[in-house]
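Engineer: Input: one structure, supplied below.
The values are calculated or read from the model by the stated rules, or taken from the named source; none is laboratory data. Here the structure is a predicted model, which is why all the values come from computation and not from measurement. Positions of Cβ are generated from backbone atoms using ideal geometry, with glycine treated the same way; all protein chains shown enter the neighbour counts.
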Amino acid sequence: MEHSPPPFFKRGPAPLVRLAFFASLSFALLVLDARFRYAEGLRSVLALAVYPLQVVATAPVLLAERISAYFGSQSQLKEENTALRTRLLEASLSAQREEAARAEATQLRRLVGAAERLPVESTPAEVLYNGRDPYSKKVVIDRGAQHGLKLGSPVVDEAGVLGQVTRVHAMVAEVTLVTDKDQAIPVQVLRNGLRAVAFGGGASGMLELRFMAANAEIQNGDRLVTSGIDGTYPPGLPVASVSKIERDAAYAFARIACQPAAGVDAGGFVLVLSQDAKRSAYPEDAAARAGKRPGKRKPRRKDGAGDPDAVR
């Protein structure tokens, strides 16, 4: 059994008529709004009322986008940071190499100037490494017997005396520095010509003037040069400068410490001086070669036999 509404509720226009009416009304509202903007206020009110719903609806999408952008930016920042650190490291290494090359070029220019000023022939060499014995002051250079180096040859740099060749191999040689405890070098004070002997201070890296009288004419800042009396070092080469003097009336000798002029703990290039220069012979050596004894003359005979003028 079907139940249908009373005929009263079935009254009204047909659906097609209603569709046409509402379509015409919508078209009229669109024309009026486009022409006279009557619905502008209504639109603003409806947009304000719907805005919270719009925010809630778009919140998951915005959250997902922000999370993705955050992780993407973090990854990009890490990559950029790694690339920048790599470039910074490469630039730092390049700057260090350039600085080292500039320092070597400066030292080589000074070394060339020092070689031109020296009165003897010299052989340039490069310091390879320090000696293995921690209790001695020695370095190894890249020149040896094949390059004409000999035992006892003095070694200098652009600032002064560095040491002496104490061991020669075919391609390398060992140089004992002036600061070694077993080294001694005759010097004189440049200011007044006072002679002395400078000994290596060992671990201190200094030189010491030993057996100098407490009242010796020497003062702080005096420059010491080679005296040349040992026949090994040419005279006039800078050796050290006086840095500290201790005088005590209870002791007969003063304690004098000197700062080396050469870079004994730095620098990479040196000059090995030749020992082939001719030196003037000592008087006794010249007399011995002449077959005579110095200081003695052949006695003359009383009968005139030894006098060539007596025989006529």
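Engineer: Looking at segment 255-263, can you tell me whether even one residue there is exposed (fewer than 15 other Cβ atoms within 10 Å of the Cβ), not in a loop (DSSP other than H, G, I, E, B) and not basic (Lys, Arg)?
Structural biologist: Applying the first criterion (exposed (fewer than 15 other Cβ atoms within 10 Å of the Cβ)) to segment 255-263 yields 259.
Narrowing the set further to residues that are not in a loop (DSSP other than H, G, I, E, B) leaves 259.
Within this subset, residues satisfying the condition of being not basic (Lys, Arg) are 259.
There is at least one residue in segment 255-263 that is exposed (fewer than 15 other Cβ atoms within 10 Å of the Cβ), not in a loop (DSSP other than H, G, I, E, B) and not basic (Lys, Arg).
Engineer: From the list VAL161, VAL168, VAL189, VAL127, which one is in the same structural domain as PHE269 (by TED's automatic domain parsing), over 15 Å from ALA262 (Cα atoms) and out of contact with any helix residue (DSSP H, G or I) (no Cβ under 9 Å at 6 or more places or on another chain)? Reasoning before the result, please.
Structural biologist: Numbers: VAL161 fails: over 15 Å from ALA262 (Cα atoms); VAL168 fails: out of contact with any helix residue (DSSP H, G or I) (no Cβ under 9 Å at 6 or more places or on another chain); VAL127 fails: over 15 Å from ALA262 (Cα atoms).
Exactly one residue qualifies, and that residue is VAL189.
Engineer: Here's another thing I want to ask about it. For segment 154-163, does any single residue satisfy the condition of being outside any helix (DSSP H, G or I), at pLDDT below 85, in contact with a Gly (Cβ under 9 Å, 6 or more places away or on another chain) and loosely packed, with under 11 Cβ neighbours inside 10 Å? Quick ask: steps written out before the conclusion?
Structural biologist: Going through segment 154-163, the residues outside any helix (DSSP H, G or I) turn out to be 154-163.
Imposing the further condition that a residue be at pLDDT below 85 reduces the set to 158-159.
Within this subset, residues satisfying the condition of being in contact with a Gly (Cβ under 9 Å, 6 or more places away or on another chain) are 158-159.
Right, trim to loosely packed, with under 11 Cβ neighbours inside 10 Å and you get none.
Within segment 154-163, not a single residue is outside any helix (DSSP H, G or I), at pLDDT below 85, in contact with a Gly (Cβ under 9 Å, 6 or more places away or on another chain) and loosely packed, with under 11 Cβ neighbours inside 10 Å.
Engineer: Looking at VAL120, is it part of a loop (DSSP other than H, G, I, E, B), in contact with a strand residue (DSSP E or B) (Cβ under 6 Å, 6 or more places away or on another chain) and aliphatic (A, V, I, L, M)? Explain how you work it out, then say what you get.
Structural biologist: On the way: part of a loop (DSSP other than H, G, I, E, B): yes; in contact with a strand residue (DSSP E or B) (Cβ under 6 Å, 6 or more places away or on another chain): yes; aliphatic (A, V, I, L, M): yes.
The answer is yes for VAL120.
Engineer: Continuing with the same structure: What single numbered condition from (1) outside any loop (DSSP other than H, G, I, E, B); (2) more than 28 Å from the chain's Cα centre (by Cα) fails to hold for LYS150?
Structural biologist: Just one mismatch for LYS150, condition (1).
Engineer: Still on this structure, please answer the following. Given the conditions (1) within 30 Å of LEU162 (Cα to Cα); (2) at pLDDT below 85; (3) acidic (Asp, Glu), and given that ASP142 satisfies all but one, which numbered condition is not satisfied?
Structural biologist: That leaves (2) as the condition not met.
Engineer: Same structure again: If you go through segment 53-90 one residue at a time, how many are closer than 30 Å to VAL127 by Cβ and at pLDDT 80 or above? Let's see the steps before the verdict.
Structural biologist: First pass over segment 53-90, keeping only residues closer than 30 Å to VAL127 by Cβ: 89-90.
Now narrow it down to the ones that are at pLDDT 80 or above: none.
Of the residues in that region, 0 qualify.
Engineer: When you go through GLY221, GLY205 one by one, which is the residue that is in contact (Cβ under 8 Å) with a residue 60 or more places away in the chain, surrounded by fewer than 20 Cβ atoms within 10 Å (Cβ to Cβ) and touching a strand residue (DSSP E or B) at 6+ places or on another chain (Cβ under 9 Å)? Give the steps one after another, and end with the answer.
Structural biologist: Values: GLY221 fails: in contact (Cβ under 8 Å) with a residue 60 or more places away in the chain.
From the options GLY221, GLY205, the qualifying one is GLY205.
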